Amino acid sequence: MGGAGGQDIERPKAVGGLVAPFVLAGDARLRWESPSSEACVTTRLSDLELPEVDATGLERREMVAAFQAAGAQHWLTRVPLGCAVTKHDDVRAILRERRFHSALSVLPEMAGVTGPMVERQQRSILAMEGSEHTRLRRLAAPAFTPRATERLRPFMRQVVNELVDAVAAEGRCELVHDICEPYPIPIICELLGAPKEDWKLFSGWATDIFRIFNNDIANDLPAIQTAMSDLDGYVRHMVDERRTKPADDLLSHMIAVEEEGDRLSTDELVMMTEAVLMAGTDTTRNQLACSMALFAEHPDQWARLAANPELASGAVEETMRHLGAVRLTARIASEDIEYRDVLFPAGTLVIVSLATANFDGDAFTDSHRFDIGRPPSVAPQMTFGSGIHFCLGASLARAELQEALQLLAQRMPVLGLDGPIEWKPPGIGIWGPSRLPLRFGPGA
Ligand code: HEM
């Protein structure tokens, strides 16, 4: 087979599942032989003419519309720091390709921040890759099974009921402040085994550590570091206690887990606890608020849920598909990677647009219709991600959201907006309403 431009071809290195059998060194256009023997041309990313989107400042619906318009021209979109994938198939494939690594560890560096906080970030399960990640995930996973989270359902109902009790007589509330923000902390504390008197501490740490995602790391750094170090001290103390006196909680389970003599060290336990607090708090808060904002705009669907509590599971999947609190994630090519007909040079940043994938008409019939009774799709909604970093707390988050939506629908069957919904700035990583004023009744 002749190379493009008559240049020599070289046999490729191992190129995983997304492959081309031949790679041509040093040229933008690379000829390769597809499995069906059709000649295919691979183009270096930088040489592609791509539609461009700068999503900075775009509100979520505008962002989805902009990426969808770009997606009609090409499956790849150029964005300020790299490129973006937006179709369901591509989003899943990139997240499942292990040579595309989590970009979490490089985000602070890209914002010009270095030092101990960044090193610490790189040791988080969210940022780890390869055998280190597999080991940590294997050791932590048994503590996150659906069975482990099922036992928390009565506690979840108790927390929601108490939060609704506090606003029931008024018949109105600001849902973000009164229900969504306080809801996940007691659950995470119960899961970890932290006592009620420390809920406030955890809530403050979670808020400060989450500043990492607010695109202002340089200014937020002192608050982030203080919260991390306080949490670190607290958890080390807890680990010491649980080692001598185990309880029925996540920390004791993680301490007890042992596979072929392998155990989580104290540092790893501390790091996992931080990851759980970080990944499991603001996400659930914002997702509940996003889901409720959708229902406030679709009273017919809310009435349907109130009359049919068994639709709660479908309601969670459909609201997460329609308005996910995590709209995107990012990957870095750890080496030169060929995917479809494009060569992604090592170091390429790929924005993975979960929000746009969730509206892909090829994956979801009538994708813009909001319908909690939608038959299950073969394509999963993408707000929990996919591949090796797929949300470890997905079954816990699903249970939390199912219990909350079901109870809120029972206790507030008639629901209406009591003012405009205000949204967090679009640049915020974990996103949702900042204010959701509601009036409700009867039933509470
Ligand atoms: C609705 C709520 C939630 C959403 C939307 C969500 C979303 C996600 C997404 C998209 C990822 C993958 C990020 C990536 O691939 O770059 C992820 C990872 C993760 N999530 Fe969640 N999450 C939620 C709740 C939770 C909860 C409640 C917990 C724990 C209690 C949790 C723990 C984790 C952990 C530990 C990871 C890292 C997994 C790994 O890297 O292997 N999440 N989550």
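Readers should treat all values here as calculations from the given coordinates under stated rules, not as data from a laboratory. Source: prediction; values computed, not measured. For neighbour counting, all protein chains shown are included, and Cβ atoms are generated from backbone atoms with ideal geometry for every residue, glycine included.
Close amide-amide hydrogen proximity is noted between R327 and W431, each under 5 Å apart and 5 or more residues distant or on a separate chain (H modeled in the peptide plane; Pro and chain starts excluded).
So what is the calculated 222 nm ellipticity per residue for the chain, using -39500 (n - 2.57) for each DSSP H run with n of 4 or more, over all residues, to the nearest 500 deg cm²/dmol? Show your work: numbers first, answer last.
Details: 16 runs with 193 residues, N = 444.
It comes out at -13500 deg cm²/dmol, rounded to the nearest 500.
Using only the alpha-carbon atoms, how far is helix 199-209 inclined from the longest principal axis of the chain? Give it as 0 to 90 degrees, nearest 10. Around 30 degrees separate the two axes. Electrostatic bookkeeping for Q301 treats Lys and Arg as +1 and Asp and Glu as -1; over the other residues with beta carbon under 10 Å from its beta carbon, the sum is -3. Amide H to amide H, with H built 1.01 Å from N, E338 comes under 5 Å of F344, counting only residues 5 or more places away or on other chains.
Going by alpha carbons, how many degrees (0 to 90, nearest 10) lie between the helix axis of 130-140 and the longest principal axis of the chain? For helix 130-140, the angle is close to 20 degrees. A cut-off under 13 angstrom between Cβ atoms defines the neighbours of E181, and their net charge, with Lys, Arg +1 and Asp, Glu -1, is +1. Reported to the nearest whole Å, the Cα centre-to-centre distance from the range 267-304 to the range 357-393 is 16. Specify the angular offset, from 0 to 90 degrees and rounded to the nearest 10, of the alpha carbon long axis of helix 153-168 from the longest principal axis of the alpha carbons in the chain. Value to nearest ten degrees: 60.
Once you sort the root eigenvalues of the Cα gyration tensor of the range 342-444 as a ≥ b ≥ c, which label holds: rounded (a/c under 1.5), prolate (a/b larger than b/c) or oblate (the other case)? Prolate. Normalising the average separation of contacting C-alpha pairs (under 8 angstrom, six or more residues apart) by the number of residues puts the relative contact order of the chain at 23 percent.
So how do Y183, Y339 line up by other beta-carbon neighbours within 10 Å, fewest first?
Working: Y183 22, Y339 26.
Ranking Y183, Y339 by Cβ neighbours within 10 Å, fewest first, gives Y183, Y339.
Classified by the C-alpha gyration tensor, the range 48-440 has an oblate form. Its axis ratio a/c, with a ≥ b ≥ c, is 1.5 or above, and a/b does not exceed b/c. Between amide H atoms placed 1.01 Å from N, distances below 5 Å from T42 occur with L30, R31, W32, all of them 5 or more places distant or on a separate chain.
Each peptide in 406-413, 235-242, 320-327 was scored by the mean count of other Cβ atoms within 10 Å over its residues; highest first, the order is 320-327, 406-413, 235-242. Computed over neighbours whose Cβ is under 14 Å from that of R411, the net charge equals -2, Lys and Arg +1, Asp and Glu -1. In the range 192-348, Cα pairs under 8 Å separated by at least six residues give a relative contact order of 16 percent. Name the shape class, rounded, prolate or oblate, that the alpha-carbon gyration tensor gives for the range 192-315, where a ≥ b ≥ c are the square roots of its eigenvalues, rounded holds for a/c under 1.5, and otherwise prolate holds if a/b is larger than b/c and oblate otherwise. Oblate, because a/c is 1.5 or more while a/b does not exceed b/c.
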